[in-house]
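Data block below; observations after.
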Amino acid sequence: MELSYQEKLTLIKLNELKKAKFEELVKETGLEQVAVMRAVLGLQAKGLAKLHERSERVVKLTETGKKYAEIGLPEWRALKLLRGRGKVTLDDLREVLSDDELKPIVGLLRKEGWASVRKEDGKLILEITEKGLEAGERPIDRALKLLAEKGVVPVNEIEKLVPVKELKRRKIGEEETVTEREVEITPAGEELAPKVELKREVSVLTPELIKSGKWREVEFRKFDIKAPVRRIYPGKKQPYRAFLDKIRRRLIEMGFIEMTVESMIETQFWNFDALFQPQNHPAREWTDTYQLKYPKSGHLPDEELVERVKTAHERGLAGSRGWGYVWSPERAMLLMPRAHGTALDARQLAKGVEIPGKYFTIQRVFRPDVLDRTHLIEFNQIDGFVVGEELNFRHLLGILKRFAVEIAGARKVKFLPDYYPFTEPSVQMSAYHPELGWVEFGGAGIFREEMTKALGIDVPVIAWGIGIDRLAMFKLGIDDIRYLFSYDLRWLREAKLVW
């Protein structure tokens, strides 16, 4: 029978003791607890030892309970003062009680009937009652005394005096499970132990062992690759961060050019006006977008571009009649946290693009909303557009479906007609989540000519804006969007790495 060095040492010591508590066996072998446990389990599997375990729920004192065991429960300290003076004010009680104890103990004294409470000259007065003068030891006092004497007491013994939940509520005691382990040698173990030869065990064959010839005097450790070991959590990227990086890499591999910008603060010109969204549109009010309090205004781009955007709004471009109002440059200069990544589309189109060309950006955006399982007020959005002479609406639907199925892992996708001021036709995209049902996560369409021509583009541009946080919910298998930014260490450790 093959035994490891730890198993041999444990068997030899156990043969001397015959039966021993696990802690005693650890002391006798001089090994780490985990090594002894592994050896005992190995010996048990080979029929050489038996491990007996007994678990019991016990109660022990908290730090607060230890303090009360020394100086007394707050109600007894207060009652002692009352018995000496007859009646006291709240300020008097502060001589023996902390501020945290004061309010609950006043209520407890009145509940027990130990004191009456009234107001005199605007002050709260406590006066001792007959019941307070005669009060004696209660079950909770005996429980505290028992815990102070024994340190650890079984739950069933404590509950003969007082419910454990009462000790927990008053932060006097806490419950835990204690496991006692005892190891016993079997007849087969007793027969084998005297025959065991304990040799030094090594796990690595070193040059020194070979040169000295001592390799003949040692045993080489055998490794059981199926044996249970402590789980190790290696360092890795935050799961959602890793997801975003892989999305970015995949799009670049598909030939998209990334649009970047340093600031999350945008003028309304780029966030709305350049997108042909009228200045009286309700989405531009404080109920739907955040606005910067200071500084309040920024700067407009070059005059020629501003003039074309102004003309599109007031009189129209490309056969349009525009919105028919007087466009305000002051309104366009107002600053705001970016409400959607489409603002970067407008910036890039005005700057100039390759035709044909594909562009994308992943940006933090901000919108007033009610926090719930599918909504945040600060979230990531992936925006992109493709520009080319032969593009049509079917190209757009194909890109969106491929993105949702291949990149996000959605199994079902559907498209619904929608409206956006800067696209025509427009479409809303939803995907099916097994826990949440159908979830809207993106809007798309073909940019209106009133927008693209004002920005200097004369060919079709198909574009989309997708809530990448919601797509991540599909890929990471979670049903609450807030969990993407969770500090839950268990989830951060165990969340699967996704492609």
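Derivation of every value follows stated rules applied to the coordinates shown; laboratory data play no part. Here the structure is a predicted model, which is why all the values come from computation and not from measurement. Every residue, glycine as well, gets a Cβ built from its backbone with ideal geometry; the counts of neighbours run over all protein chains shown.
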*Low-density loop cleavage sites - GluC sites (Glu not before Pro) in segment 83-182, where at most 14 other Cβ are within 10 Å (DSSP)*: Glu95, Glu137
*Put +1 on the Cβ of each Lys and Arg and -1 on the Cβ of each Asp and Glu in segment 63-174; which of Leu81, Leu109, Pro163 then has its Cα farthest toward the positive end of the dipole?*
Pro163
*asked:* Below 8 Å, C-alpha to C-alpha, sequence gap of six or more: please give me the relative contact order for the chain in percent.
replied: 13
*Mind sorting Asp469, Asp302 by how few other Cβ atoms lie within 10 Å of their own Cβ, fewest first?*
Asp302, Asp469
*chymotrypsin sites (Phe, Trp or Tyr not before Pro) within segment 223-279, DSSP loop, no more than 11 other Cβ atoms inside 10 Å*: Phe223
_Need one word for segment 63-174: rounded, prolate or oblate. Basis is the Cα gyration tensor (sqrt eigenvalues a ≥ b ≥ c); a/c below 1.5 gives rounded, then a/b vs b/c decides._
prolate
*Distance histogram for segment 242-494 (every C-alpha pair counted, 5 angstrom bins, percent rounded to whole numbers)*: 1, 6, 13, 17, 19, 17, 13, 8, 4, 1, 0, 0
_Taking amide H atoms as placed 1.01 Å from N in the peptide plane, list the residues 5 or more away in sequence, or in a different chain, whose amide H sits under 5 Å from that of Glu219._
Arg200, Glu201, Val202
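Ranking Ile462, Ile225 by Cβ neighbours within 10 Å, fewest first, what do you get?
Ile225, Ile462
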*Environment charge at Ala283 (Cβ cut-off 15 Å; Lys +1, Arg +1, Asp -1, Glu -1)*: -2
*Put one equal scatterer on each alpha carbon of segment 121-232, apply the Debye formula with no solvent term, and list log10 I(q)/I(0) at q = 0.14, 0.15 1/Å to two decimals.*
-0.89, -0.93
_Net +/- balance of residues flanking Arg54 in space, Cβ distance below 12 Å, scoring K and R +1, D and E -1_ = -1
_To the nearest 20 Debye, how big is the dipole of segment 387-450 about its Cα centre, given +1 on the beta carbon of each Lys and Arg and -1 on that of each Asp and Glu?_
400
*Can you pull out the GluC sites (Glu not before Pro) in segment 400-499 that DSSP calls coil and that have at most 13 other Cβ atoms within 10 Å?*
Glu435
*Give, rounded to the nearest 20 debye, the magnitude of the charge dipole that the chain has about its Cα centre when Lys and Arg contribute +1 at Cβ and Asp and Glu contribute -1 at Cβ.*
1220
_Less than 12 Å Cβ to Cβ from Glu176, Lys/Arg counted +1 and Asp/Glu -1: what total charge do the surrounding residues give?_
0
